[in-house]
Amino acid sequence: MSEISYGDIITNALKKDAFSKRSLPMIGLSILGALIITSVWFFFLEYLIENFRVITMSPQIMLLELLPWGLLIFLLIIILSVLELFVEGIIIKQVGEDAIGKQVSLMDALDFTKGKILSLVGATLLIVFVSFFFGLVSIVPYVGSVLNFIVSILIALAVFVTYPYIILGENGAIDSISASIHHFMENKSQVFIVWLLSTVVSLIAILIFAVPFVIAIILFVSQTIGLSPPDLLFPPDILSHVRASMPIFLIPILILAVGGALITVFQYGVMARYYAEAILENNT
């Protein structure tokens with residue numbers, strides 16, 4: 001097992017990756033995604049308010065009316081997720097090369113990642129499928145939630161360097177997952193320490209960025225409590241109240257989106273720098 005500079009990995013992932021120009025594409029994508037989803041939610045509320053009586057006439061009508069909105073949101077999530085994978089691939093390429101003393105421009109990293117997007121998507125789908133399959137342990141009586149939590153952590157550890165293997169090791173999806181699992185089995189404590197440090201820092205950061213959103217929720221609840229009972233008797237009135245309160249949430253949502261982007265860049269920076277130090281340097 002090679003000696004790993006855990007402090008340097010975390011520090012550099014924060015200073016050189018998360019809080020640098022390298023994070024700007026992810027921040028832009030996160031803000032765009034937040035604005036799109038918020039806009040769709042606003043128009044969905046408008047639609048519900050205007051057509052509430054028609055929609056609630058029967059379960060069949062409700063399904064037909066709401067299905068297009070569900071498909072739209074699902075499609076947007078898929079598109080944004082693929083774009084996020086693309087940006088993550090760019091980040092890993094730049095960070096990984098930087099960690100071993102090479103410089104890769106944004107355009108070169110972008111051009112390189114285009115050829116890897118199918119492998120990134122394929123690996124993600126496989127990981128999601130495996131996580132869902134093993135997540136079925138949650139149905140076990142009494143201890144299901146605990147088992148699911150443990151299994152989720154083990155899967156996260158096992159696939160920790162899957163994406164760096166795809167981008168920096170230039171492997172396919174299945175080979176990268178296999179190589180990541182093999183690396184974890186041989187370096188359990190090493191991978192766990194890096195993952196734990198990354199997770200703790202990410203949780204602290206997300207709590208900080210979530211403060212404005214929590215304040216917005218408190219303001220919303222206080223406004224709702226201040227409404228007179230007749231205003232809350234009818235669902236359209238409740239929906240109108242939610243719609244009118246959306247401006248309160250806009251800035252906090254954008255702050256949370258920026259925080260999420262910085263944390264994502266940090267996490268993939270940690271993965272790439274760990275891969276460069278623990279795997280690339282050992283192979284050269």
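Of note:
- Here S39, S58 are screened, and the one residue that is surrounded by fewer than 19 Cβ atoms within 10 Å (Cβ to Cβ), under 28 Å from V265 (Cβ atoms) and without any contact (Cβ under 8 Å) to a residue 24 or more places away in the chain is S39.
- Count - residues of segment 45-76 that are in a loop (DSSP other than H, G, I, E, B) and within 28 Å of the chain's Cα centre (by Cα): 0
- Filter result for S138 (within 20 Å of V270 (Cβ to Cβ), in a helix (DSSP H, G or I) and at pLDDT below 95): no
- Out of V95, V121, one residue alone is at pLDDT 90 or above, of a type in the set (A, V, I, L, M, F, W, C) and under 20 Å from L80 (Cβ atoms). It is V121.
- Residue in segment 77-90 that is surrounded by 13 or more Cβ atoms within 10 Å (Cβ to Cβ), of a type in the set (V, I, T) and in contact (Cβ under 8 Å) with a residue 60 or more places away in the chain present: yes
The values are calculated or read from the model by the stated rules, or taken from the named source; none is laboratory data. The model shown is predicted, which means the values in this text are computed figures rather than measured ones. Cβ: placed from backbone, ideal geometry, glycine included. Neighbour counts: every protein chain shown.
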